[in-house]
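The values are calculated or read from the model by the stated rules, or taken from the named source; none is laboratory data. For clarity, every value in this text was computed on a predicted model and none was experimentally measured. Glycine also receives a Cβ, built like all others from the backbone with ideal geometry; neighbour counts cover every protein chain displayed.
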Amino acid sequence: MSESVRTHLRVRASELVGRGWLNTGGKTLDLEALRGKIVLLDFWTFCCINCLHVLDELRPLEEKYSDVLVTVGVHSPKFEHEADPVALAAAVERYEIHHPVLDDPELDTWKAYTARAWPTLVVIDPEGYIVAHLSGEGHAGGLGVLLEELVAEHEAKGTLHRGDGPYVAPEPTSGTLRFPGKATRLENGNYLVVDSGHHRLVELQPDLHTVVRTFGSGTKGYADGASDAARFNEPQGVALLPAAVAERVGYDAIVADTVNHRLRGLSLQTGEVRTVAGNGIQRLLDAGPARVNGSGAGTWAKSAEEAGSEAAEHHPADFAGDAFDVGRLGPGLSVSLSSPWDLVWSEKLQGVAIAMAGTHQLFVFDPVTSVVSILAGSGLEGLLDGPAEEAWFAQPSGVSVDAAGNIWVADSETSALRRLVLENGRVRVETVVGKGLFDFGFRDGAAADARLQHPLGVTVLPDGSVAVADTYNGAVRRFDPASGTVSTLTRGLAEPSDVVVVQPNGSDPLLLVVESNKHQLVLVPIPKEAQQVDEGASQTHRPKSPFAPGLLDLKVRFTAPTGQKLDDRWGDPTQLKISSTPPELLVAGSGTLEGLERTLELSGDISEGVLHITARAAACDGPETEDGEIPDHAACHLYQQDWGIPVVLQADGDTELVLDLRGMD
């Protein structure tokens, strides 16, 4: 981010406007009060996995530049539940956010800064002018360079003020558990709970309160070893292995260690924790390294070394049961993962199916061979059914297996219940409830009309119906395949994150519900007759972009950071993939092509819809060689952002759309 890529335009930052502030001790902040500091605006929403990735990317920068940098989280909600100030306060505590947060429920500040995607980052210099506008994740390195430049520049001008920022820590609210994620019942009748906010696992007695033992030190981090020394980082899911498999591999359970981007093996006998998959590098690939033009394998990888170790081959995996066509990635410890959220043992696959929230895919891990494969999902975010390799998911967060061996998925960002049908060596994806990225609500009835709101958990009930932790509706819902209808089992819960069928002491089956925002587990009866609910269907109130029917010129701006160069060794290193909902919205311009500019044609027969745009650019580290080429073995980086842009067609609408993958003002 050298001066050569920063223009001399002096654009004054807009004021920060919203409903209120968190993490400021009750004080209201404005830009005048922050003058003299470098201000980093992080536009986020707490449902968004990419936003959670950025929170972790920014932590080292916030610590290093604590006396000159003030990060302000601008919370601009997607879902109705996220506009609840109590829910936002819980999320700020849950994710250990140590900077001021502006509550922007009406998207006033979002619109003032022309944000179009979560996450968006805007850098404001000490004099109050915008100097950078970035979309997506992966910008920490470039931000570090920019911060050094701004510190030197404004220290020389006398406009930089060092000192403490305005952050004030809130009072903690949790008890024995802190924002628990998933849970499972052990053979001894106790419950194994992922205590996400305390970075550990807890075994509870059947009374759901008495702690038997813990696994993990409770300190955020990464370390294998004994139960009191091992460290996790916001783990979310856990699955028990069949006894025969556990005996063979030497551990009983697999933990989705979400923020460490790893799977951990846990021995219930010894308490020992070991890493069984994931190299700790967040995965930025969707189906293995690939180039726009198919040459130069590995350019989309985070580094040349990683690309070499993760060449993806599409072929049947060597499972003991049926051979299913999956995308084999390689030995578990060499593969990059991205925010694994939940997992479940699959007899058909003879492996653990994983909801890989960070790449919008389903993976599978074979604990015997330690091989990791892609089970379903192209890596593109959205709702699209069909063959596994072509399907789209959006932050899958809960998985369960039914009696037929099919896998049910809580697909949170599309507020959908999905099913993976496994038969004849192939995997097919079907949507049972849900319409798309911006459709949600609280409605019972026929599955085609029913609505959920950001579900995180799913389980199969004894009669073959499916219970869903309908997280942002604070409810447990039930889908009955026999009647094709959705009903409500219970409501009034505080962000339920998981549901598990249990039969304590041989009683009638009950539902164990993880009530995350109340830091507790509760038991809920499974009634014969479910109540009916219809509070309507909704759409996110994110503003629709007005476009004129006909030609639309699309341009995505990207500038490589200082010290990097676009990797054009095998052709154009940039790519746009474009589609729409409904497909008829786009008359021309859809598909995947090189370049970051394209002319689209919008139909005059469609009133509104959603444009799905994925932009990619590959750049490599290091000084150029004498001949101007990128050195061999240089570390290469993929910059990617997915936009789902709601549009409305009108005669006086815009004919140009400009987006920033990585733009400098």
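Assorted remarks:
- Screening region 494-577 for strands (runs of 3 or more DSSP E) wholly inside it with 3 or more residues that are closer than 30 Å to Glu608 by Cα returns the ranges 534-539, 545-547, 550-558.
- Filtered residue count, region 397-433, keeping only those that are surrounded by fewer than 24 Cβ atoms within 10 Å (Cβ to Cβ) and part of a loop (DSSP other than H, G, I, E, B): 7
- Gly379 falls short on exactly one of the conditions (1) at pLDDT 95 or above; (2) of a type outside the set (A, V, I, L, M); (3) in contact with a Ser or Thr (Cβ under 7 Å, 6 or more places away or on another chain); (4) more than 26 Å from Arg248 (Cβ to Cβ), and that condition is (1).
- Considering residues of region 352-378 that are under 13 Å from the mean Cα position of the chain (by Cα) and more than 18 Å from Arg428 (Cβ to Cβ) only, the residue surrounded by the most Cβ atoms within 10 Å (Cβ to Cβ): Met356
- Residue selected from region 561-605 under the condition of a type in the set (Lys, Arg) and modelled with pLDDT under 90, by the criterion nearest to Ala548 (Cα to Cα): Lys565
- Unmet criterion (only one of (1) free of Cβ contacts under 8 Å to residues at least 60 places away in the same chain; (2) surrounded by 19 or more Cβ atoms within 10 Å (Cβ to Cβ); (3) more than 30 Å from Ala634 (Cβ to Cβ)) for Ser603: (2)
- All of Leu177, Leu121 fail the test of being under 19 Å from Asn50 (Cα atoms), among the hydrophobic types (A, V, I, L, M, F, W, C) and either assigned by TED's automatic domain parsing to the domain that holds Gly26 or part of a loop (DSSP other than H, G, I, E, B) (or both), apart from Leu121.
- Residue count for region 168-213, restricted to those that are over 14 Å from Gln520 (Cβ atoms), β-branched (Val, Ile, Thr), under 28 Å from the mean Cα position of the chain (by Cα) and surrounded by fewer than 18 Cβ atoms within 10 Å (Cβ to Cβ): 1
- The residue list Gln395, Gln361 contains one member that is farther than 21 Å from Asp470 by Cβ and at pLDDT 95 or above, which is Gln361.
- Number of positions in region 231-254 that are under 11 Å from Arg200 (Cβ atoms) and out of contact with any Phe, Trp or Tyr (no Cβ under 7 Å at 6 or more places or on another chain): 3
- Complete set of residues in region 251-270 that are out of contact with any strand residue (DSSP E or B) (no Cβ under 7 Å at 6 or more places or on another chain) and either free of Cβ contacts under 8 Å to residues at least 24 places away in the same chain or of a type in the set (Ser, Thr, Tyr) (or both): Ser267, Gln269, Thr270
- Just one of (1) out of contact with any helix residue (DSSP H, G or I) (no Cβ under 6 Å at 6 or more places or on another chain); (2) surrounded by 19 or more Cβ atoms within 10 Å (Cβ to Cβ); (3) at negative phi fails for Thr559. It is (1).
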